[in-house]
Amino acid sequence: MTTATLNPDAVSFVCEIVRERSAIELEAAKSYLIEARLTPLAKQLGFPSTNEFIYGVRSKRQPDFERRLVEAMTTNETSFYRDAHPFNALRTKIVPEMLTQRAGTKSLNIWSAACSSGQELYSIAMLLQENFPQLATWNVKLTGTDLSEDILERARTGRFSQVEVNRGLPAPLLLKYFERNGMTWQIRSEIRAKATFTKLNLIERWPALPPMDIVFLRNVLIYFSPETKKEILRKVRRAMSPQSVLFLGAAETTMGLDAAFERVEADRSVFYRIK
């Protein structure tokens, strides 16, 4: 397969269609990233080069090819227990508080937005299983959403490579909650059954969601314009229940975007509550 450098107009088209479909702002200067993400897809679909794949998408405007191009460019980095601090805050402060606050209803809704292949949501599921046995009698819903059907299907299988389980997943949890499946590891069915994965594009109309008590929207807003960030935060806030919490990435904040949130620090982690 030809690996010639992408033409500038091909790069511009990719940036345009990704912005149109996801509101994510790609930088044309990062053509190397576009090429790295799209070359395997072009090869898989039988195109002789990445440039020709992009021109094919542009000229024929086939919805499936467009969808796959956008999804290839918006599949983000993830890992088990990524950054650690938010999970420590869940364990030491947030879930213990909610055990008291929600004792009457015995319900807890947790949402991992832009969940990618599911490591974040499965990390939360294992954390709850390890530390809060009393939740066994509660109605706990763990929801993961992403705009990519392909990545959601992978999340549903709960199957990960050796490299993926080596990144952030403690060995005792690997042995306790995963089973060998050929060259991969699959999370046990009792943990998979706790998580639901469904399609949601943050900039489009959202499906009905239950009031969320804990929202992980980490390392997502950095890809959007300020106006899109404001709109997403407004919609997230409307989906949150009273006394709920929102986790953003380390480089993200609600400051200057949504004054209805207040910043809280706990256990070396930062999260946000509705004022």
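The values are calculated or read from the model by the stated rules, or taken from the named source; none is laboratory data. Source: prediction; values computed, not measured. Here the Cβ is made from the backbone with ideal geometry for all residues, glycine too, and neighbour counts use every protein chain on show.
Out of Ala259, Ala266, Ala239, one residue alone is among the aliphatic types (A, V, I, L, M), in contact (Cβ under 8 Å) with a residue 60 or more places away in the chain, in the same structural domain as Pro96 (by TED's automatic domain parsing) and over 18 Å from Asn109 (Cα atoms). It is Ala266.
In the stretch 73-97, the residues that are at positive phi reach residues that are of a type outside the set (Lys, Arg) with C-beta atoms within less than 6 angstrom, at least six apart or across chains, in these pairs: Tyr81/Phe87; Tyr81/Ser123; Tyr81/Gly168.
The one condition from (1) of a type outside the set (Val, Ile, Thr); (2) under 18 Å from the mean Cα position of the chain (by Cα); (3) surrounded by fewer than 19 Cβ atoms within 10 Å (Cβ to Cβ) that Ala36 does not meet is (2).
Kindly provide the set of residues from the stretch 1-20 that are part of a helix (DSSP H, G or I) and either in contact (Cβ under 8 Å) with a residue 40 or more places away in the chain or among the aromatic types (Phe, Trp, Tyr) (or both), ordered by number. Even if it seems obvious, please write down each step before you answer.
So in the stretch 1-20, the residues part of a helix (DSSP H, G or I) come out as 8-20.
Correct list: Ala10, Phe13, Val14, Ile17, Val18.
If a residue has to be among the aliphatic types (A, V, I, L, M) and buried (at least 19 other Cβ atoms within 10 Å of the Cβ) to count, how many in the stretch 23-33 make the cut? So the count comes out to 3.
In summary, Ala23 fulfils each of the numbered conditions (1) touching a residue at least 60 places away in the same chain (Cβ under 8 Å); (2) within 17 Å of Asp64 (Cα to Cα) with the single exception of condition (2).
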